[in-house]
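K.L.:
Got a structure for you, questions after.
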Amino acid sequence: MPDDSTLLLFIAASAALVAVPGPAVVYIVTRAVAQGRLAGVVSALGIEAGALLHVAAAVAGLSALVASSAAAFAAIKYAGAAYLLVLGVQKLRTRGDVALADLPGAGTGRLFRQGVVVNVLNPKVAIFFVAFLPQFVDGDRAVAPQVALLGVVFVAVAAVLDCAWALVAGSAGERLRRSVRGRRRLDRLSGVTFLGLGAAAAFSQAND
């Protein structure tokens, strides 16, 4: 296992990286603003569950395969992009005749699963773990347990910060959710955001 000083350095580096808003944070904030704090937190937990699957893949060596195979990267990338584009189109086609506060929100199970899918179908997460985690691994010790531990620690740090984003964004969007006009704006914002994330994923490169 990494020693205490290495682990503390890793936690600090992880927090610094996660604190910079990326596509996952944009997704979580969009969900929280549109559907409230609980939706944002559940979406964040889904994102982290997807990250744990990437950690497991990294331990098994599958992430290295994605990083080195252009075909594997492209397949996952386009699947993820298509999923985000579908979510965006669904939001833009929603008829905003009533306020979001008067609608039954999407079930927590569905929100969680969508978060998992969004992160699992992001090949850059796999490549990130392959590039980042080994920097803190002691080559004189068993590698797999160290990668697993560091991956879980990173996901735990990400969960805390991503849930904080969800709580803040959910509170900020409360007034908008109480009006029909606000609902329409949030639907458009959500749709455009998902379309933007999907387009960014489709045109991304493995070395970006």
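K.L.:
Ranking Ile47, Ile127, Ile11 by Cβ neighbours within 10 Å, fewest first, what do you get? If you can, show how the numbers build up before the last one.
P.N.:
Details: Ile47 30, Ile127 21, Ile11 15.
If I rank by nearby Cβ atoms, fewest first, I get Ile11, Ile127, Ile47.
K.L.:
Further question on the same structure: Of Val42, Val33, Val153, how do they rank once you tally other Cβ atoms within 10 Å and put the fewest first? Display every interim value, and only then the final one.
P.N.:
Values: Val42 28, Val33 25, Val153 18.
Sorted ascending by nearby Cβ count, the order is Val153, Val33, Val42.
None of the figures in this text is laboratory data; all of them are computed from the coordinates on show. Given the structure is predicted, the values throughout are model-derived calculations rather than measurements. Neighbour counts run over all protein chains shown; Cβ positions are idealised from the backbone, glycine included.
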